[in-house]
Amino acid sequence: QVQLQESGPGLVKPSQTLSLTCTVSGGSITTNEHVWAWIRQPPGKGLEWMGAIQWRGNTYYSPSLKSRTSISKDTSKNQFTLQLNSVTPEDTAVYYCVRDYSWEFDSWGQGTQVTVSS
């Protein structure tokens, strides 16, 4: 069974870069059938799709976040990562890494709380 787990700092200062890693177990990120996505949920708001990466390296980003977002991968570690630059308190959210099968989000990490505050 595929499992995803987010890791990274829970507190980031404004203007800094938010960096999270998703470790995938029970399956490989090197698959043609899935892409690997990041989704977040700010407090009191709905889910927001941020972007995704194919194992070959193609990336996809939400237009509203594209200028600040970078998703990368490390196939040797079966991991993919999220970087969100120039964060503000509006970026405070629970961040999820997700396996995406043509917009069917079929496997989720447990989510990790990230707070942007000085």
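The values are calculated or read from the model by the stated rules, or taken from the named source; none is laboratory data. Remember, predicted model here, so these are calculated numbers, not experimental data. Virtual Cβ from ideal backbone geometry, glycine too; neighbours counted across all protein chains shown. To get the accessible areas, we keep the full protein, side chains included, count just its heavy atoms, and leave off ligands, DNA and RNA. Shrake-Rupley method; radii C 1.70, N 1.55, O 1.52, S 1.80 Å.
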Could you pull out the residue among Ile29, Ile53 that is β-branched (Val, Ile, Thr) and free of Cβ contacts under 8 Å to residues at least 40 places away in the same chain?
-> Ile53
Across the range 40-57, which residue is farthest from Ile29 (Cα to Cα) among those that are open to solvent by 80 Å² or more (accessible area, probe 1.4 Å) and modelled with pLDDT of 95 or more?
-> Gly44
Pairs with Cβ under 6 Å, 6+ apart, first in the range 104-117 and outside any strand (DSSP E or B), second open to solvent by less than 50 Å² (accessible area, probe 1.4 Å) and of a type outside the set (Phe, Trp, Tyr) | Gly109/Leu4; Gly109/Glu6; Gly109/Cys97; Gly111/Val94
Does the range 5-15 contain any residue that is open to solvent by 50 Å² or more (accessible area, probe 1.4 Å), assigned to a strand (DSSP E or B) and among the small types (Gly, Ala, Ser)?
-> yes
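Residues in the range 69-84: is at least one surrounded by fewer than 16 Cβ atoms within 10 Å (Cβ to Cβ) and under 13 Å from the mean Cα position of the chain (by Cα)?
Yes, the range 69-84 contains a residue that is surrounded by fewer than 16 Cβ atoms within 10 Å (Cβ to Cβ) and under 13 Å from the mean Cα position of the chain (by Cα).
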Out of (1) assigned to a strand (DSSP E or B); (2) free of Cβ contacts under 8 Å to residues at least 24 places away in the same chain, the one Pro63 does not meet is (1)
Given the conditions (1) outside any loop (DSSP other than H, G, I, E, B); (2) out of contact with any Lys or Arg (no Cβ under 7 Å at 6 or more places or on another chain); (3) of a type in the set (A, V, I, L, M), every one holds for Val94 apart from (2)
Determine whether Trp55 is of a type outside the set (Ser, Thr, Tyr) and farther than 22 Å from Pro9 by Cα.
-> yes
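Looking at the range 85-118 only, could you name the residues that are open to solvent by 30 Å² or more (accessible area, probe 1.4 Å) and not hydroxyl-bearing (Ser, Thr, Tyr)?
Step one: filter the range 85-118 for residues open to solvent by 30 Å² or more (accessible area, probe 1.4 Å), giving 85-86, 88-90, 94, 96, 99, 101-106, 108, 110, 113, 115, 117-118.
The answer is Asn85, Pro89, Glu90, Val94, Arg99, Trp103, Glu104, Phe105, Asp106, Trp108, Gln110, Gln113.
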